[in-house]
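First up is the structure itself, then whatever we jot down about it.
The values are calculated or read from the model by the stated rules, or taken from the named source; none is laboratory data. Since the model is a prediction, treat every value here as computed from it, not as a measurement. Reconstructed Cβ throughout: ideal geometry from the backbone, glycine too, with neighbour counts over all protein chains shown. Areas reflect the complete protein model, heavy atoms only, side chains present, ligands, DNA and RNA absent. Shrake-Rupley method; radii C 1.70, N 1.55, O 1.52, S 1.80 Å.
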Amino acid sequence: MTVSSELTHQKQRAFQPQKLSAPRNFIVPNIIKGDTSHDSLVLEIGAGKGKHALSFAAQYPERHLIAIERTRNKFDAFAKLAAQQQSPNLDAIHADAVAWIVHAIKPNSVAKIFILYPNPEQHNPNQQWLNMPFFEFLLSRLQNGGEVVLATNIEAYMDNAEQQATNIWRLPNERYQVANDSQRTHFEVKYLARGEVCWELRMQKPKGYQTRFDNWQMTVLN
Ligand SMILES: C[S@@+](CC[C@H](N)C(=O)[O-])C[C@H]1O[C@@H](n2cnc3c(N)ncnc32)[C@H](O)[C@@H]1O
């Protein structure tokens with residue numbers, strides 16, 4: 001499928017990556033510099049205490065996962081477990097994912113992005129990931145055919161995400177109900193144990209998809 005350059009999202013206010021300073025103590029991981037080999041690069045945004053990241057890294061040794069968490073105490077718990085597990089294909093990053101991705105990730109380089117149980121932002125919907133101008137930048141980092149996986153227990157969040165994926169971002173997508181015995185993340189375990197329904201949206205970046213950031217890259221990565 002070839003997607004026209006007159007995409008709906010290109011009429012939206014553009015994200016301004018050049019305005020974001022690098023996260024504190026920022027260093028480009030070896031995997032980005034090309035010092036280690038891997039079949040595919042995967043990102044996780046808001047990894048919490050790292051339950052999903054740790055099991056994903058163990059299950060898929062040929063893929064490399066960069067899992068980013070902003071909250072200090074959650075990240076510390078994640079970092080401790082990551083140090084014990086010693087998976088060479090996992091980078092646990094303490095940072096705001098928006099600034100970190102802008103500074104570290106090259107265009108068209110990521111196979112998959114997980115956003116599992118993001119903060120609901122019910123009172124601040126413009127902070128929901130698919131409502132943010134940053135989402136266009138995130139899509140520019142994804143390879144053609146790459147996938148974004150979003151999970152939430154909030155039906156209204158999922159309804160909005162599905163609508164945005166279809167109408168604004170023009171991404172082929174499928175919505176599922178998460179299996180009752182799924183245990184990918186701490187929040188997933190908690191919500192399913194309470195008998196809540198959890199939803200998942202899988203969005204694909206089609207061949208020929210264009211964003212305004214396809215050639216934009218932080219100079220330090222050049
Ligand atoms: C509801 S928790 C879910 C954590 C984990 N994914 C899980 O399902 O157990 C959402 C997490 O996203 C993190 N987060 C929110 N915005 C973020 C951002 N811009 N960059 C990195 N992490 C972020 C929060 O700190 C929080 O730990």
Legend entry - Only one of Gln210, Gln127, Gln143, Gln177 that is at pLDDT 95 or above, over 19 Å from the mean Cα position of the chain (by Cα) and open to solvent by 20 Å² or more (accessible area, probe 1.4 Å): Gln177
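Can you confirm whether Ala156 is out of contact with any strand residue (DSSP E or B) (no Cβ under 6 Å at 6 or more places or on another chain), in contact (Cβ under 8 Å) with a residue 24 or more places away in the chain and among the small types (Gly, Ala, Ser)? Break it down into steps so the answer makes sense when it comes.
Working: out of contact with any strand residue (DSSP E or B) (no Cβ under 6 Å at 6 or more places or on another chain): yes; in contact (Cβ under 8 Å) with a residue 24 or more places away in the chain: yes; among the small types (Gly, Ala, Ser): yes.
Considered against the rule, which asks whether it is out of contact with any strand residue (DSSP E or B) (no Cβ under 6 Å at 6 or more places or on another chain), in contact (Cβ under 8 Å) with a residue 24 or more places away in the chain and among the small types (Gly, Ala, Ser), Ala156 comes out as yes.
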Inset, instruction - Please enumerate the residues belonging to region 157-169 that are over 17 Å from the mean Cα position of the chain (by Cα) and either among the polar types (S, T, N, Q) or buried (at least 19 other Cβ atoms within 10 Å of the Cβ) (or both). - result: Asn160, Gln163, Thr166, Asn167
Legend entry - Top-ranked residue in region 180-194 [being open to solvent by less than 90 Å² (accessible area, probe 1.4 Å) and either among the basic types (Lys, Arg) or part of a loop (DSSP other than H, G, I, E, B) (or both); ranked as nearest to the ligand (Cβ to nearest atom)]: Thr185
Legend entry - Top-ranked residue of region 35-56 - restricted to ones that are more than 9 Å from the ligand (Cβ to nearest atom), more than 19 Å from Ile101 (Cβ to Cβ) and under 19 Å from the mean Cα position of the chain (by Cα), ranked as least open to solvent (accessible area, probe 1.4 Å): Leu54
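Of the residues that make up region 103-113, is at least one within 12 Å of the ligand (Cβ to nearest atom), farther than 22 Å from Pro133 by Cβ and surrounded by fewer than 23 Cβ atoms within 10 Å (Cβ to Cβ)?
Step one: list which residues in region 103-113 are within 12 Å of the ligand (Cβ to nearest atom), which gives none.
No - not one qualifying residue is present in region 103-113.
Any chance you could count how many residues in region 16-27 are within 22 Å of Ser140 (Cα to Cα), in a loop (DSSP other than H, G, I, E, B) and open to solvent by 30 Å² or more (accessible area, probe 1.4 Å)?
Going residue by residue through region 16-27, those that are within 22 Å of Ser140 (Cα to Cα) are 16-23, 26-27.
From what is left, the residues that are in a loop (DSSP other than H, G, I, E, B) are 16, 20-23, 26-27.
Now narrow it down to the ones that are open to solvent by 30 Å² or more (accessible area, probe 1.4 Å): 16, 20-22, 26-27.
Number of matching residues: 6.
Give the residue that is least open to solvent (accessible area, probe 1.4 Å), with candidates limited to residues of region 57-97 that are away from the ligand (no atom under 16 Å from the Cβ) and not in a loop (DSSP other than H, G, I, E, B).
Start the filter on region 57-97 by keeping residues that are away from the ligand (no atom under 16 Å from the Cβ), which leaves 58-64, 83-89.
Within this subset, residues satisfying the condition of being not in a loop (DSSP other than H, G, I, E, B) are 58-59, 63-64, 83-85.
Working: Ala58: 69, Gln59: 122, Arg63: 66, His64: 13, Ala83: 66, Gln84: 129, Gln85: 75 Å².
In this case the residue turns out to be His64.
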Inset, instruction - Name the residue, out of Arg194, Arg212, Arg170, Arg175, that is touching a Lys or Arg at 6+ places or on another chain (Cβ under 9 Å) and basic (Lys, Arg). - result: Arg175
